[in-house]
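Comments concern the structure below.
The values are calculated or read from the model by the stated rules, or taken from the named source; none is laboratory data. As the structure is a prediction and not an experimental result, all values here were calculated from the model. Glycine gets a Cβ as well: all are built from the backbone with ideal geometry, and neighbour counts include every protein chain shown. Note: areas computed on protein heavy atoms with side chains; ligands, DNA, RNA excluded. Shrake-Rupley method; radii C 1.70, N 1.55, O 1.52, S 1.80 Å.
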Amino acid sequence: MFEETNMKTVSAEMLGTFFLVFFGITAFASSDDAFAGALTLGLTLMVLMHVFGPLSGCHLNPAVTIGNMMSKKISQDDAIGYMGGQVVGATLGFVLFKFLNPGTDALVDGDMAILVAAAVGTMFFVMTLLSTQDPFAVGAALFVVSSAAFADVNAGVDIGIMLANAIDGNADWAFFGVIGSVAGAFLGWAVKDNALD
């Protein structure tokens, strides 16, 4: 069992479902504006279709996987792997969101939350840029990251803010955004080169 299952496709389903939950579903669930939440969810899915679609089909949903299995588009072993990856990715997405989001009894706040959020946001953005040059997908990725309040994806901008704020003696928060976005850039590259390629 699972001898012929491509673990990269299972990893793609896990990562895709993680990002769908972390950015899209939590934005929809936590937004006071249903339209903004639905827009963020839709744009997140659009980006993920560009990034993971060519690799796994970007199911990100056991119902889609079951439909594909019943239509003989994927094997039963692959379907089980996909669904396992989807459940793990969804769980990790919700756990990390709860870990970082102050509105949901976060376990971490302040500087460490900024660092982790910047790393995840930048990883998503860099992974997207390395996977597609489609301007709609890239723009949507930036919208998703920014609207989810994880806007620290540009270390150059963060350094500029840090230097401007240093004049007033308050540059600590930007420092953690810089560190997080640089770490996220490496993570995005690692995901693209090792899990997607």
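Of all residues in region 73-93, count the ones that are open to solvent by less than 10 Å² (accessible area, probe 1.4 Å) and more than 16 Å from Phe19 (Cα to Cα).
Adding up the residues that qualify gives 1.
Taking region 4-35, which residues are in contact (Cβ under 8 Å) with a residue 60 or more places away in the chain and farther than 17 Å from Gly121 by Cβ?
If the condition is that a residue be in contact (Cβ under 8 Å) with a residue 60 or more places away in the chain and farther than 17 Å from Gly121 by Cβ, then Glu4, Thr5, Asn6, Met7, Lys8, Thr9, Val10, Ser11, Ala12, Glu13, Met14, Thr17 are the ones that fit.
Test each condition in (1) in contact with a Phe, Trp or Tyr (Cβ under 8 Å, 6 or more places away or on another chain); (2) in a loop (DSSP other than H, G, I, E, B); (3) modelled with pLDDT of 75 or more for Val153 and report the one that comes out false.
The one condition Val153 does not meet is (3).
Hey, could you check region 1-35 for residues that are open to solvent by 40 Å² or more (accessible area, probe 1.4 Å) and among the aliphatic types (A, V, I, L, M) and say which is farthest from Gly93 (Cα to Cα)?
Residue satisfying both the conditions and the ranking: Met1.
Determine, yes or no, whether Ile25 is assigned to a helix (DSSP H, G or I) and at pLDDT 95 or above.
No, not satisfied.
Starting from residues that are surrounded by fewer than 19 Cβ atoms within 10 Å (Cβ to Cβ) and not small (Gly, Ala, Ser), keep the ones in region 102-125 and report whichever is modelled with the highest pLDDT.
Here the answer is Met112.
Tally up the residues in region 36-59 that are assigned to a helix (DSSP H, G or I), in contact with a Ser or Thr (Cβ under 9 Å, 6 or more places away or on another chain), open to solvent by 20 Å² or more (accessible area, probe 1.4 Å) and not hydrophobic (A, V, I, L, M, F, W, C), please.
Number satisfying all stated conditions: 2.
Within region 109-148, can you find the residues that are in a helix (DSSP H, G or I), hydrophobic (A, V, I, L, M, F, W, C) and closer than 12 Å to Thr44 by Cα?
If the condition is that a residue be in a helix (DSSP H, G or I), hydrophobic (A, V, I, L, M, F, W, C) and closer than 12 Å to Thr44 by Cα, then Phe124, Phe125, Phe136, Ala137, Val138, Ala140, Ala141, Leu142, Phe143, Val144, Val145 are the ones that fit.
Taking the criterion of being among the basic types (Lys, Arg) and either surrounded by 20 or more Cβ atoms within 10 Å (Cβ to Cβ) or within 24 Å of Leu196 (Cβ to Cβ) (or both), would at least one residue in region 62-72 satisfy it?
So far as region 62-72 goes, no, none of its residues is among the basic types (Lys, Arg) and either surrounded by 20 or more Cβ atoms within 10 Å (Cβ to Cβ) or within 24 Å of Leu196 (Cβ to Cβ) (or both).
Identify all residues within region 72-90 that are at pLDDT 95 or above and polar (S, T, N, Q); write none if there are none.
Scanning region 72-90 gives a single hit, Gln86.
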